[in-house]
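Undergrad: One structure, pasted below without further comment.
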Amino acid sequence: MNSPSAPLAAFDFVLFGATGDLALRKLLPALFRQFVDGRLRGDNGILGVAREAQSAEDFRLTVQDALRRAVPDADEAHLDAFLEHVDYLALDATRDEGWEAFAAACHARDPRVRVFYLSVGPEIFAPLCARLARYKLNGPDSRLVVEKPLGRDLASAVAINDAIGAAFPERQIFRIDHYLGKETVQNLLALRFGNALFEPLWNTSHIEQVRITVAETLGVGSRGPYYDATGALRDMVQNHLLQLLCMIAMEPPSSLDPDAIRDEKLKVLRALKPIDFGNAGRLTVRGQYRGGLTADGMARGYLEDIGKPASGTETFVALKAELSNWRWAGVPFYLVTGKRLPEQLAEIEIRFRSIPHSIFADGGPIAANRLVLRLQPDEGIKLLLMSKYPDSDGLHLSPVSLDVDFAEAFRVRQLDAYERLLLDVVRGKLTLFMHRDEIEAAWRWIDPIVQAWSRASTGPLPYGAGSWGPTAAAAFVQRGGEPDGSLEGSPARLAGG
Ligand code: BG6
């Protein structure tokens, strides 16, 4: 069963880069699941576009294979019916050949919403968008979807935004950060602004620190060349972790209107205190995994994974961010992310301040309340409270947790982030997509960190696969432990500044 939803308008989905990993592993499976849920109509078309010459039949076989892997319980009748919507076109975004016929075929199906999803390298964005505009495929019913990496620094992000902005108005551009499609992230809006309970406590007077952790057990896999040119700061922090930080830290927007929310997120990004050469050594730790023992056995080190003798790319980042505003002054936001860590999890932990005075002299230590928002696995919310331990011998306190597991609570299939985001694109709902100003503000904060690291005398610190990162990051990581607040004075010298 699914939550009630408005029927979708007639739409065509044009997927550039249709033979790539994202398209086959995430996008087409997301469309397929929506098809199975009955949200696609008979006249919806899904057109895969890529450079390689192949028949539509061959492409459908590739898609079928990918769907069987991504959706193991898919039934064959659904697969066959879905594949009837799928077509293929060999087209080069950088040459005019074939574009006239492509545009004519598109226009012949008007009026309808047409989604152009660019699952291609950012270097193709400019020529592709220029052609979409030249062949008048940028009308008011068309939507452009672009994915990270949206640049590798501020200058390249501005260039990308200018190129796509020259072809499409901002209200038709959907910049995806798939973390914003995750259930818990949207639930943050519900939790913060649908309850009177939390908002009065949501500030520096009551919150001691915020921890955002996105840990992955996998290494870089087959994405070595991309990853080695990118690193964890650009791959994860610039987008996913900063977006999570924005959702926690933003002021209440006046409505769910996209601009109302995006304006508030932008203010958060602009309030981030700069981290640069002067303080990066205190406020950041970067690491690179070596071989080590993981839950799945011995894992290779990063350099072996990418097949290079040396690399200065970080696969782990921990940093302490702070916001210069009244609500959050003095509250550290610890951001931690890395590959080959011991657990696969994404969570946000809000640690409240301790009680000002304890009346339970013999009751044992009193842990501060914590609110844990788990994005994955098992999306849910947990509130840690102190409670009386049920014994007859005095008044002993013990922490208990109030747990809400979304799958349990609502008994609905959890949508994959891409399913929700693709539906929003078709519906023209921009709330969960990033404005160009947000991307640029995030880079404006990230660039000085990259520069500080590149000037540092040492590179990323080694950590064993299966561990929680370099030992210097212990004060940042603190999984389930109590904060010691010692980061500033930590003797561990970091790899920057
Ligand atoms: C992507 C990064 O944006 O997010 C990957 O490029 C990372 O390196 C992935 O593995 C994590 O996404 P998720 O949804 O699996 O947490």
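Undergrad: In the set Ala77, Ala101, which member is farther than 27 Å from Phe125 by Cβ and surrounded by fewer than 18 Cβ atoms within 10 Å (Cβ to Cβ)?
TA: Selected residue: Ala77, the only one of Ala77, Ala101 that is farther than 27 Å from Phe125 by Cβ and surrounded by fewer than 18 Cβ atoms within 10 Å (Cβ to Cβ).
Undergrad: Say whether the condition of being open to solvent by less than 40 Å² (accessible area, probe 1.4 Å), of a type in the set (Gly, Ala, Ser) and either away from the ligand (no atom under 16 Å from the Cβ) or closer than 27 Å to Leu191 by Cα (or both) is met by at least one residue in the stretch 366-379.
TA: So far as the stretch 366-379 goes, yes, one or more of its residues are open to solvent by less than 40 Å² (accessible area, probe 1.4 Å), of a type in the set (Gly, Ala, Ser) and either away from the ligand (no atom under 16 Å from the Cβ) or closer than 27 Å to Leu191 by Cα (or both).
Undergrad: Determine if the stretch 357-374 includes at least one residue that is in contact (Cβ under 8 Å) with a residue 40 or more places away in the chain and under 18 Å from the mean Cα position of the chain (by Cα).
TA: Looking through the stretch 357-374, at least one residue is in contact (Cβ under 8 Å) with a residue 40 or more places away in the chain and under 18 Å from the mean Cα position of the chain (by Cα).
Undergrad: Report yes if Asp276 is of a type outside the set (Ser, Thr, Tyr), open to solvent by 10 Å² or more (accessible area, probe 1.4 Å), away from the ligand (no atom under 13 Å from the Cβ) and not in a helix (DSSP H, G or I), otherwise no.
TA: yes
Undergrad: Name the residues in the stretch 396-449 that are more than 30 Å from Lys273 (Cβ to Cβ) and of a type in the set (Val, Ile, Thr), would you?
TA: Val400, Val404, Val412, Val425, Val426
Undergrad: Among the residues of the stretch 200-224, what is the count of those that are modelled with pLDDT under 95 and either over 28 Å from Thr294 (Cβ atoms) or of a type in the set (D, E, K, R) (or both)?
TA: 1
Undergrad: Which pairs have Cβ atoms under 6 Å, sit 6 or more apart or on different chains, and link a residue in the stretch 178-194 that is closer than 20 Å to Val146 by Cα to one that is of a type in the set (Gly, Ala, Ser) and within 16 Å of the ligand (Cβ to nearest atom)?
TA: His178/Ala417; Gly181/Ala417; Lys182/Ala417
Undergrad: Also: Of everything in the stretch 210-242, what is in a helix (DSSP H, G or I), within 11 Å of the ligand (Cβ to nearest atom) and either free of Cβ contacts under 8 Å to residues at least 12 places away in the same chain or surrounded by fewer than 21 Cβ atoms within 10 Å (Cβ to Cβ) (or both)? Give them in sequence order.
TA: Scanning the stretch 210-242 gives Gly221, Arg223, Tyr226.
Undergrad: Considering the stretch 326-345 alone, what residues qualify as being buried (at least 20 other Cβ atoms within 10 Å of the Cβ), assigned to a loop (DSSP other than H, G, I, E, B) and either aliphatic (A, V, I, L, M) or on the phi < 0 side of the Ramachandran plot (or both)?
TA: Matches in the stretch 326-345: Trp328, Val331, Pro332, Lys339, Leu341.
Undergrad: On to the next question. Here are the criteria: (1) assigned to a helix (DSSP H, G or I); (2) open to solvent by 30 Å² or more (accessible area, probe 1.4 Å). Tell me which single one Asp96 does not satisfy.
TA: Result: Asp96 passes all but (1).
Undergrad: Condition first: farther than 30 Å from Asp378 by Cβ, aliphatic (A, V, I, L, M) and in contact with a Phe, Trp or Tyr (Cβ under 7 Å, 6 or more places away or on another chain). Now tell me which residues in the stretch 138-192 satisfy that.
TA: Leu144, Val146, Leu154, Ala157, Ile160, Ala163, Ile164
Undergrad: Going through the stretch 192-202 one residue at a time, which ones are assigned to a helix (DSSP H, G or I) and within 19 Å of Leu242 (Cα to Cα)?
TA: Of everything in the stretch 192-202, just one residue is assigned to a helix (DSSP H, G or I) and within 19 Å of Leu242 (Cα to Cα), namely Arg192.
Undergrad: Can you name the number of the only condition in (1) farther than 22 Å from Ala475 by Cα; (2) open to solvent by less than 30 Å² (accessible area, probe 1.4 Å) that Ala196 fails?
TA: So the condition that Ala196 fails would be (2).
Undergrad: Can you find, within the stretch 158-186, the residue that is farthest from Leu373 (Cα to Cα) among those that are within 16 Å of the ligand (Cβ to nearest atom) and part of a helix (DSSP H, G or I)?
TA: Among those that are within 16 Å of the ligand (Cβ to nearest atom) and part of a helix (DSSP H, G or I), it is His178.
Undergrad: Does at least one position in the stretch 296-318 carry a residue that is more than 16 Å from the ligand (Cβ to nearest atom), out of contact with any strand residue (DSSP E or B) (no Cβ under 9 Å at 6 or more places or on another chain) and either assigned to a strand (DSSP E or B) or open to solvent by less than 10 Å² (accessible area, probe 1.4 Å) (or both)?
TA: yes
Undergrad: Moving to a separate point now. Spot the failing condition for Ile348; the list is (1) at pLDDT below 95; (2) closer than 23 Å to Leu180 by Cα; (3) in a strand (DSSP E or B), and only one is missed.
TA: (1)
Undergrad: Return the total of residues in the stretch 425-439 being crowded, with 18+ Cβ neighbours inside 10 Å and of a type outside the set (Val, Ile, Thr).
TA: Residues flagged as crowded, with 18+ Cβ neighbours inside 10 Å and of a type outside the set (Val, Ile, Thr) within the stretch 425-439 amount to 7.
Undergrad: Separate question: Looking at the stretch 53-68, is at least one residue at pLDDT 95 or above, under 27 Å from the mean Cα position of the chain (by Cα) and open to solvent by 60 Å² or more (accessible area, probe 1.4 Å)?
TA: The answer is yes; a qualifying residue exists.
Undergrad: On the basis of being more than 16 Å from the ligand (Cβ to nearest atom), within 30 Å of Leu345 (Cβ to Cβ) and outside any strand (DSSP E or B), does Pro127 make the cut?
TA: Against the criterion (more than 16 Å from the ligand (Cβ to nearest atom), within 30 Å of Leu345 (Cβ to Cβ) and outside any strand (DSSP E or B)), Pro127 does not qualify.
The values are calculated or read from the model by the stated rules, or taken from the named source; none is laboratory data. This is a predicted model, so every value here is computed, not measured. As a convention, Cβ positions derive from the backbone with ideal geometry for all residues, glycine included, and neighbour counts pool all protein chains shown. Please note that ligands, DNA and RNA were not included when accessible areas were found on the heavy atoms of the full protein model with its side chains. Shrake-Rupley method; radii C 1.70, N 1.55, O 1.52, S 1.80 Å.
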